[in-house]
Amino acid sequence: FSCNLLDLLCSFPGLLYQEYRDKSTREEIETRRLQDSQTDPEETSPSEETPSEAESTSTIENKAPPQINLLRNSNSRFNLWQDLPEVQNSGVLSILQPDEIKLQEAMFELVTSEASYYKSLNLLVSHFMENEQLKKILHQSEAHILFSNVLDVMAVSERFLLDLEQRVEENIVISDVCDIVYQHTVNHFSVYITYVSNQTYQERAYKQLLQDKPAFREVISQLERDPKCKGLSFSSFLILPFQRITRLKLLVQNILKKVEEKSDRESTALDAHKELETVVKACNEGVRKMSRTEQMISIQKKLEFKIKSVPIISHSRWLLKQGELQQMNGPKTSRTLRTKKLFREIYLFLFNDLLVICRQIPGDKYQVFDSAPRGLLRVEELEDQGQSLANVFILRLLENADDREASYMLKASSQSEMKRWMISLAPNRRTKFVSFTSRLVDCPQIQCVHPYVAQQPDELSLELADVLNILDKTDDGWIFGERLHDQERGWFPSSMGEEILNPKIRAQNLKECFRVHKSDDSQRRKLGSRNRQ
């Protein structure tokens, strides 16, 4: 198989990784939309699910081409494995089963997307980092913060790509790629953790340079206008490594869903996925650690304690949610009073292990008048209490700053804000829908069709084509969801996604998710106990 990856690069005229990633995720969305609309939930009876062997073979032959063609697009600027002349001329497409062809495509996408990624990284270095004008404008320390260890990242990508290329050239039918992913993740991918952990400083430095150095702003703008960049911004190149390491995990998940169960390839894919997940978590933790430390220092400076002072800054503490609520004055029976007199403003800082209750005072300061460990908080919703008590809930501190029980009747500005506070304050409280990580049931699902960047600590950033279980929703357009591929939870606007209506597709999504995570022993034990129930 003489298909050299340099030739592959040439076959993608102008295809940068950002373009590949956007196109690939949008095709995934369209594929899922088509699947969701195709099958009527009551269409298939038990007798129809077990056709004769002859009928089964015929069905596979008739249905296989359309399934594969879901990935085709006449406007696509990157090839499928089955489109390669070497593959088409070999005759293997008439021999391989449809499932094996899908697996070949999944492995081939991992290879070609790495080639596209390397091409974009190379452009970041050659076009931006090594630009002579930019070198003269930037101080050495500024350049170091801006570009970090991108040369190390590019060297790792090049070595990875060469090994993938060698595997593709060994045989027209790719044997495996996850063993290569595993080896490189274990031995080389720590460079991603270093790069991504610098992200907070990188973003700040970039904004500061744009603001303070007009010459820098002009050169960057000039470089972005170059046809090589395809209209893509400089910042889209800077975030490539973080996007790639996350995407690589999803590509391995896609392979894992297609390999034979209990096979060597499944075992290798599980190993590769587990190592990638470790790197991705370390990257996320690196970013969070940098921003959390600065945030905690800022909060500490704003707090003045009316009660016994509590040390806020701790390596194991971070902010979960903050904001203003209305506290009810007087007993619950005072419902005849005007709303203005009934409530007064208070401000809450909720950390992962501590709640601090304050009142805002002049000078952007907050006076702390009560606190409690987060584990000693309980919440209760008030229902059907009339307009003045809409979106009201009871917060109980089992042990407050005075070592006694205290209760607060709090009013939120909206239904979604009330639910968000209740879930944050008491995370073990049952949600409207049951999570798949707690019970194996048919849970509402949604797929992301618009990317979303979290604005608050209790929100969840979404990427295109993310699939989430809906754990709770509000009448004013917010969803509390749990992403299937990493079990991260958070709130996001319902307008960012489309609900998956077909129960068979939802069940398939859950099945694939359990398979991906079955290398986790605890997850396997949970799954076994659910199946026995």
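Using a 1.4 angstrom probe with every protein chain in place, what is the largest-first accessible-area order of D99, D264, D370, D271?
In descending accessible area the options line up as D264, D99, D271, D370.
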Next item on the list: Sort the range 207-322 into rounded, prolate or oblate with this rule: let a ≥ b ≥ c be the square roots of the eigenvalues of the Cα gyration tensor; rounded if a/c is under 1.5, and if a/c is not under 1.5, prolate when a/b is larger than b/c, oblate otherwise.
Entry: oblate
Notebook entry, point to check: Using modelled amide H (1.01 Å from N, peptide plane; none on Pro or chain starts), what sits under 5 Å from the amide H of L355, excluding residues fewer than 5 places away?
Noted result: A372, R374
Check: How far, in nm, would the chain grow between L501 and V453 when pulled straight, counting 0.36 nm per residue and subtracting the alpha carbon separation?
Finding: 14.8 nm
Notebook entry, point to check: Going through the range 220-282, which GluC sites (Glu not before Pro) have at most 14 other Cβ atoms within 10 Å and a DSSP loop state?
Noted result: E260, E261
Note to self: Restricting to lysines 8 or more places apart or on different chains, can you count the pairs in the range 127-284 with Cα atoms under 13 Å from each other?
What the structure shows: 4
Checklist line | Solution diffusion estimate, µm²/s, Stokes-Einstein, the range 165-249, Kirkwood Rh from C-alpha pairs, 20 °C, viscosity 1.002 mPa s | finding: 135
Check: Where the centre of each part is set by its Cα atoms, how far does the range 167-231 sit from the range 389-403, in angstrom?
Finding: 47
Checklist line | Estimated vicinal HN-Hα couplings, Hz - the range 350-362 in sequence order (Karplus 6.51, -1.76, 1.60; Gly, Pro = x) | finding: 10, 9, 5, 10, 7, 10, 10, 10, 9, 10, 6, 10, x
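The values are calculated or read from the model by the stated rules, or taken from the named source; none is laboratory data. Owing to the predicted nature of the structure, the values given are computational and were not obtained by experimental measurement. Note that we place each Cβ from the backbone using ideal geometry, even for glycine, and neighbour counts take in every protein chain shown. Areas reflect the complete protein model, heavy atoms only, side chains present, ligands, DNA and RNA absent. Shrake-Rupley method; radii C 1.70, N 1.55, O 1.52, S 1.80 Å.
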